[in-house]
Amino acid sequence: MPHTTAPVAGKPGPVLAQPYVSRLLAGTLIGRLPTGMVPVAVLLLVGAQGGSLSTAGMLCAVYGLASALGQPLLGRLVDRRGQTVVATLAVLVTSLALLALPRLNSAQEPALFGSVLVLAGLSTPPLEANVRALWPSVLPNPSQQRAALALDTGSQGLIFIAGPPLVVALTALAGPAPAITATALLGLAGAVIVLTAAPSRSWQPHATNSSSSFLGPLHHLGLVALFTALAGTGIALGAHTVWAVALADRTGTALLSGLVPAALSVGSLIGGTVYGRRTWPGSLTAQLTAAALAFTLGWSVLLTNPGPGLAVGLSVLPGLFLTAPVTSSFLTVDALAPAGTTTEAYAWLIAAIGIGQAAGTALAGPLATHPHLAGALPCAGALFTVSVIVFARRQIHVPGT
């Protein structure tokens, strides 16, 4: 696929002023709010129905894993059938599944409740991958595409800043059932905003290379290495969330469980804005390697086992360096993905991070009572990312950059 690493000329302002950009970004954020809302809503709903915290946690993990695994499959269907049909059916299924949850009792019907939740996860529409596949047609200038990707990636943290508190507020006002209903409706509304936009409606799939039709983007060993590397990024993010909860429990400061992840998201938003404004030297692979290394160093501050106040401030640091490696990864995917597999490739990248987050959450649980080990796990995950990138740099390298 054609690719250029032209520097970013201009600021995010002009990018947002381009037709459809603000609409697509806003619609994607609203449509993906359930990603940050459903786990909290399920925790509160299961608790209100008399279920245990361990059961609720398991259900949330299953939902997250199902959502991650469903993205590549839906992405492949989009590459075959287009965005409108696939994403419309997906959002209808996931919305109906979420609306059905309050009518089921997780304590009395755990298998049925879990099955419906899995269905909701598997059918989560691939809005993020879809929108990123639209940028080349919406923004023909490669520099603006890069800025939009950075802004898109950095703003994703808002989902986890706004989503959980919104669920808690809705639950306090009306109960967990209306909160899940509102979650489903928000996801549906965001999808409608994106899918009714002209770029999405007019997007057409490209012909697929028959030699790579079965494996899709996994036919390219460089992409397999990149996706493997990004699982480490997900491990860092998932472990950090558990580390924050454990810190809140140890210090008796419940707010930390929300403030610490929010600080990371704020750092990501700031980093995305700065990254999109600047010109960065070197090849795309060199930028990816340097960004992954900076991301790893950002996590090293947690090795000091900081106290409550410092933990919030220090969590901004890895967030500042999160957008750069993820954006560079998307640009690498765009350049290396076989023709006709771009949306699926984007979805695999997103799934790799999501699966890593689930693994990081699971690995961090047993370490929660060991502060130094728990604080080291995010850094270990990021170190895994940069190690795989360095080891596979020749396979990941984008020719001509």
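The values are calculated or read from the model by the stated rules, or taken from the named source; none is laboratory data. Predicted model, so just to flag it, every value in this text is computed and none were measured. As a convention, Cβ positions derive from the backbone with ideal geometry for all residues, glycine included, and neighbour counts pool all protein chains shown.
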Among the residues of segment 311-323, what is the count of those that are more than 16 Å from Thr241 (Cα to Cα) and either without any contact (Cβ under 8 Å) to a residue 60 or more places away in the chain or outside the structural domain of Gly232 (by TED's automatic domain parsing) (or both)? 2
Of the candidates Thr289, Thr285, Thr273, the one satisfying the condition of being touching a residue at least 24 places away in the same chain (Cβ under 8 Å), within 30 Å of Arg394 (Cα to Cα) and in contact with a His (Cβ under 7 Å, 6 or more places away or on another chain) is Thr285
Restricting attention to segment 373-395, and to residues there that are among the small types (Gly, Ala, Ser) and in a helix (DSSP H, G or I), which single residue is surrounded by the fewest Cβ atoms within 10 Å (Cβ to Cβ)? Ser387
Tally up the residues in segment 282-297 that are at pLDDT below 95 and touching a Leu at 6+ places or on another chain (Cβ under 7 Å), please. 1
Residues within segment 95-134 that are assigned to a helix (DSSP H, G or I) and under 30 Å from Leu331 (Cβ atoms), tallied: 10
Could you list, in sequence order, all residues of segment 249-271 that are under 18 Å from Ala362 (Cα atoms) and either at pLDDT below 85 or over 15 Å from the mean Cα position of the chain (by Cα) (or both)? Asp249, Ser257
Thr279 versus (1) touching a residue at least 60 places away in the same chain (Cβ under 8 Å); (2) surrounded by fewer than 18 Cβ atoms within 10 Å (Cβ to Cβ); (3) not in a loop (DSSP other than H, G, I, E, B): which is the lone unmet condition? (3)
Out of curiosity, is Gly360 in contact (Cβ under 8 Å) with a residue 12 or more places away in the chain, over 18 Å from the mean Cα position of the chain (by Cα) and either within 20 Å of Ile161 (Cβ to Cβ) or surrounded by fewer than 21 Cβ atoms within 10 Å (Cβ to Cβ) (or both)? no
Tell me which residues, restricted to segment 330-372, are assigned to a loop (DSSP other than H, G, I, E, B) and closer than 13 Å to Thr241 by Cβ. Ala368
Result of the Cβ filter at 7 Å on segment 223-251, keeping first residues that are touching a residue at least 60 places away in the same chain (Cβ under 8 Å) and of a type in the set (Lys, Arg) and partners that are surrounded by fewer than 21 Cβ atoms within 10 Å (Cβ to Cβ) and not in a helix (DSSP H, G or I), at least 6 apart or interchain, is none
Unique match (being assigned to a helix (DSSP H, G or I), of a type in the set (A, V, I, L, M), closer than 30 Å to Pro205 by Cα and modelled with pLDDT under 90) among Leu92, Leu149, Leu166: Leu149
Quick one: would you say Leu256 is assigned by TED's automatic domain parsing to the domain that holds His240, without any contact (Cβ under 8 Å) to a residue 60 or more places away in the chain and over 30 Å from Ser143 (Cβ atoms)? yes
